[in-house]
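Down below is the structure, laid out as structure tokens.
The values are calculated or read from the model by the stated rules, or taken from the named source; none is laboratory data. Given the structure is predicted, the values throughout are model-derived calculations rather than measurements. FYI the Cβ positions are ideal-geometry reconstructions off the backbone, even for glycines, and counts take in every protein chain you see.
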Amino acid sequence: MMTGLLLIIALALIFDFINGFHDAANSIATIVSTRVLSPNAAVLWAAAFNFLAFLVFDTHVASNIAKGVSPGVVTLGLVAAGLLGATVWDLLTWWWGLPTSSSHALLGGLAGAALIKAGPSALDLPFFAKTALFIFVAPLLGSALGWGLMKLVTIVFGSRPHHGIDRISRRLQLLSAALYSLGHGGNDAQKTMGIIVAALVANDQLTAAAAGETQHVPFWVVLACHAAMGLGTLSGGWRIVKTMGMKITKLEPVGGCCAETAGALTLFGATGLGIPVSTTQTITGAIVGVGSVRKLSAVRWGVAGRVVWAWVFTVPGAAAISAIAMLLLRLAGVPV
């Protein structure tokens, strides 16, 4: 059993690493496309703040992820199937250059495996419903905040010379990118923490929290997950950077700063509430909001539409892959 647990932890950290390079675009696409930092410098900047997020945020999101599936149903085999579903989906969408949600891939993977094992009763349906709601709320909120910040900047600084705004925005974008990377690390790394906690509980290495209590997350799990995500971010994700930072709309430093600030505000709020939102959807919404301030035609709606369809198919896609993985594990005689 201990060997199986170690394999699950390794698989979870591999997923966290893939999450880092898959979602690296979320943290660096705007600052790279506006040429405030070079790609290599931007990746180092984002990775550092991805890791440092453990100093800022409590582990509410990790606690909620761990409770998404009934503890009595969770086995190491189920966790493995869920992770496989999420990992394969992340790799596919990275190859296609689509900025999908690793968060929803993970939730879909767990849900697919749990449904095969025990049916809908195995899921915390209110938690999944709240998460599904934020598939729409996160990008809309990011878009509204991005539009509002960009509009405010346009009103306040519209009469100033363009080069002056550009110079100030370049400096501020370093701060906004750092804040966004903190929010990304704080929300996304906690999802993998929740998976490892579920595996530890299933293997009797950790006591499950009572109803209404916050699940304890060991500090070594917190550090390992943030480190894996930081290392994944360091490896980059240039296919998705191109879609996020260059194809949806043309960004200048002032727009990049507004988009990152809007995304960071959304992530900080969601993480504080313990809601596992999609960092991808948040920043995409913010970029669209910023671009639409100039004129709606500044947004390439065809690219944005393709991204939205990828979001819609993420949960069922990852769930289908994990369900197949669950069935294959059963056929192979692995206890699930």
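A few remarks follow.
- Filtered residue count, the range 15-43, keeping only those that are in contact with a Ser or Thr (Cβ under 7 Å, 6 or more places away or on another chain) and assigned to a helix (DSSP H, G or I): 11
- For Pro126: the one exception among (1) within 26 Å of Leu5 (Cβ to Cβ); (2) assigned to a helix (DSSP H, G or I); (3) modelled with pLDDT of 80 or more; (4) out of contact with any Phe, Trp or Tyr (no Cβ under 8 Å at 6 or more places or on another chain): (1)
- Flag if Phe54 is modelled with pLDDT of 85 or more, closer than 21 Å to Gly269 by Cα and not charged (D, E, K, R): no
- The single condition among (1) over 14 Å from the mean Cα position of the chain (by Cα); (2) under 28 Å from Leu44 (Cα atoms); (3) among the hydroxyl-bearing types (Ser, Thr, Tyr) that Ser121 does not satisfy is (2).
- Restricting attention to the range 93-117, the residues that are assigned to a helix (DSSP H, G or I) and under 13 Å from the mean Cα position of the chain (by Cα) total 6.
- Scan of the range 277-320 for residues that are part of a helix (DSSP H, G or I), modelled with pLDDT under 70 and not polar (S, T, N, Q), ordered by number: Arg294, Leu296, Ala298, Trp301, Gly302, Val303, Ala304, Gly305, Arg306, Val307
- Every residue from the range 272-288 that is in contact with a helix residue (DSSP H, G or I) (Cβ under 7 Å, 6 or more places away or on another chain) and more than 19 Å from Thr100 (Cα to Cα): Gly274
Here's the yes/no breakdown for (1) of a type in the set (S, T, N, Q); (2) surrounded by 24 or more Cβ atoms within 10 Å (Cβ to Cβ); (3) more than 29 Å from Cys257 (Cα to Cα):
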residue	(1), (2), (3)
Leu133	no, no, no
Pro139	no, yes, no
Leu152	no, no, no
Arg167	no, no, no
Gln190	yes, yes, no
Gly194	no, yes, yes
Asp204	no, no, yes
Glu213	no, no, yes
Trp220	no, no, yes
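- Filtered residue count, the range 98-123, keeping only those that are of a type in the set (Gly, Ala, Ser) and in contact with a Phe, Trp or Tyr (Cβ under 9 Å, 6 or more places away or on another chain): 6
- Within the range 36-57, tally of residues that are of a type outside the set (Ser, Thr, Tyr) and free of Cβ contacts under 8 Å to residues at least 60 places away in the same chain: 3
- Test result for Ala323, crowded, with 24+ Cβ neighbours inside 10 Å, of a type outside the set (Phe, Trp, Tyr), assigned to a helix (DSSP H, G or I) and modelled with pLDDT of 80 or more: no
- Residue pairs whose Cβ atoms lie under 8 Å apart, separated by 6 or more positions or on different chains, with the first residue in the range 206-232 and closer than 21 Å to Asp124 by Cβ and the second loosely packed, with under 13 Cβ neighbours inside 10 Å, are His216/Thr207.
- Tally of residues being out of contact with any Ser or Thr (no Cβ under 8 Å at 6 or more places or on another chain) and under 15 Å from Val32 (Cβ atoms) across the range 44-60: 1
- All positions within the range 251-266 that are touching a Ser or Thr at 6+ places or on another chain (Cβ under 7 Å) and within 18 Å of Ala42 (Cβ to Cβ): Leu251, Glu252, Pro253, Val254, Gly256, Cys257, Ala259, Glu260, Thr261, Gly263, Ala264
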